[in-house]
Amino acid sequence: MSFLDKVTKGLQKTRDALFGKVAAVFQPGRQLTDEDYAALEGALLRADVGPTTTNRILTGVKTRLSDSGFSGDPLEAMRAEVESLLRSGGRGMAEGTVSSPRVPRAIPRPHITLVVGVNGTGKTTTIAKLANRYKQAGESVLLVACDTFRAAAADQLEIWAERAGVEMVKQKPGADPAAVAFDGMARAKSRDVDRAIVDTAGRLHVKSNLMAELEKIRRVIERAVPGAPHETLLVLDATVGQNGLAQAREFDRALKLSGLALTKLDGTAKGGIVLAVADSLKIPIRWIGVGEGLDDLIPFDPGEFAAGLIRAEG
């Protein structure tokens with residue numbers, strides 16, 4: 001299945017929420033009325049695009065349709081506007097490295113990714129999917145289990161590591177997470193691995209002591225591997241919709257995120273949150289999760305996402 005097919009299938013619930021009640025708006029040859037735009041506004045809000053981003057999209061659609069140089073229909077105008085918003089939304093969103101799973105040669109080895117997020121976002125499975133993708137691309141991967149609070153966390157990660165065929169560093173439950181991070185960096189350097197992915201305990205973004213612990217882990221990584229972490233990835237659960245924006249802002253304030261992974265898009269009608277995230281946070285979306293399989297975490301591509309979301313059914 002191609003990436004576009006995966007995106008299209010994964011966004012089915014969101015697409016139904018967007019267009020299930022407004023399909024008539026996109027009939028070929030139709031000139032959009034004020035009532036049509038009101039219907040589209042309601043559809044975008046139901047998909048959790050948010051009022052500010054919804055207004056930006058609809059204003060852009062109106063501008064395109066009134067432009068004599070634009071020959072497309074309303075559906076094409078909507079798709080073009082969504083793609084434009086996604087490409088311009090995040091800092092570095094449209095860079096070529098966003099959709100490439102390989103480590104660019106200019107980046108030092110080991111390449112360190114610090115993965116953070118609140119409980120229940122799918123952080124551990126996202127790490128497993130990343131490890132599997134990099135391993136399949138021919139890279140050596142090391143997982144570092146810095147979630148020492150949940151007794152089963154390291155065991156769960158170890159199961160995924162075995163499935164993906166990669167190494168893992170862990171310590172006993174209750175160990176200092178920063179000490180585990182230090183050991184992980186030492187192992188990554190001594191084994192000369194291509195990538196090390198650091199798991200952290202899920203934590204509420206409003207708990208200042210837990211956020212301070214993340215900052216400590218980050219400092220340890222920086223001291224052990226100059227310039228690291230090269231990627232600080234926040235895993236967001238798409239099913240929480242607009243609530244994810246507050247999470248991302250707090251994690252970004254503490255850690256200066258370099259990217260986002262949006263999970264569970266296939267299980268929600270709120271996939272419009274992707275548009276709100278791109279428009280509001282200016283943090284690049286790196287990955288989207290559209291299923292439970294190891295190959296169901298795919299690189300985010302603005303054009304493919306817009307094509308999968310804004311399309312005629314039938």
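What follows is calculated from the coordinates using simple rules that are stated; it is not laboratory data. It should be emphasised that the depicted structure is a prediction, and the values quoted were computed from it without experimental measurement. Ideal geometry is used to build each Cβ from the backbone, glycine not excepted, and the neighbour counts take in all protein chains shown.
Things worth noting here:
- Under 12 Å, Cβ to Cβ, from Thr14 - net charge with Lys/Arg +1 and Asp/Glu -1: +4
- The H on the amide N of Leu143, modeled in the peptide plane, is under 5 Å from the matching H of Glu167, Met168, Val169, Ile197, each at least 5 residues off or on a different chain.
- Trypsin sites (Lys or Arg not before Pro) within the stretch 14-92: DSSP coil, no more than 15 neighbouring Cβ in 10 Å: Lys21, Arg30, Arg91
- For Asp16, Asp252, Asp199, order by how many other beta-carbon atoms lie within 10 Å, fewest first: Asp16, Asp252, Asp199
- Global form of the stretch 28-89, assessed from the alpha-carbon gyration tensor, a/c cut-off 1.5: oblate
- Global geometry of the stretch 147-204, whether rounded, prolate or oblate, following the gyration tensor of its Cα atoms and the 1.5 cut on a/c: oblate
- Stretching the chain fully between Val22 and Arg249 yields a gain of 78.4 nm (0.36 nm per residue, less the alpha carbon separation).
- For the chain, the relative contact order comes to 28 percent (Cα pairs under 8 Å, sequence separation of at least 6).
- Label-to-label distance, nm, for residues given as Ser84 and Asp155 (7 Å Cα→Cβ offset): 5.4
- Applying a DSSP loop filter and a limit of 11 other Cβ atoms within 10 Å to the trypsin sites (Lys or Arg not before Pro) in the stretch 207-277 leaves Lys256.
- Residue order for Met185, Met168, Met211, fewest other beta carbons within 10 angstrom first, comes to Met211, Met168, Met185.
- Radius ratio Rg over Rh of the stretch 168-250, counting only Cα atoms, Kirkwood formula for Rh: 1.00
- The GluC sites (Glu not before Pro) of the stretch 230-314 that DSSP puts in a loop, and whose beta carbon has at most 11 other beta carbons within 10 Å, are Glu313.
- Listed candidates [x] 6, 19, 24, 23, 15, 7, 3, 2, 1, 0, 0; [y] 6, 27, 32, 20, 10, 4, 0; [z] 6, 25, 33, 25, 8, 2, 0, 0 - label of the one calculated as P(r) over Cα pairs in 10 Å bins from 0, in percent: [y]
- Exposure proxy for Ser258, Ser88, Ser68, Ser208: other Cβ atoms within 10 Å of each Cβ, ordered fewest to most, give Ser68, Ser208, Ser88, Ser258.
- Close amide H contacts of Asp73 (hydrogens built in the peptide plane, cut-off under 5 Å, sequence separation of 5 or more or a different chain): none are found.
- Net lengthening on full extension, Asp5/Thr52 (0.36 nm per residue, minus Cα-Cα): 14.0 nm
- Overall, the ratio between the Cα radius of gyration of the stretch 222-282 and 2.2 N^0.38 Å, rounded to two decimals, is 1.24.
- Cα gyration tensor, the stretch 250-289 - rounded (a/c under 1.5), prolate or oblate: prolate
- Size estimate for the stretch 112-240 follows the Kirkwood approach: the inverse of mean 1/r over distinct Cα pairs works out to 14.4 Å.
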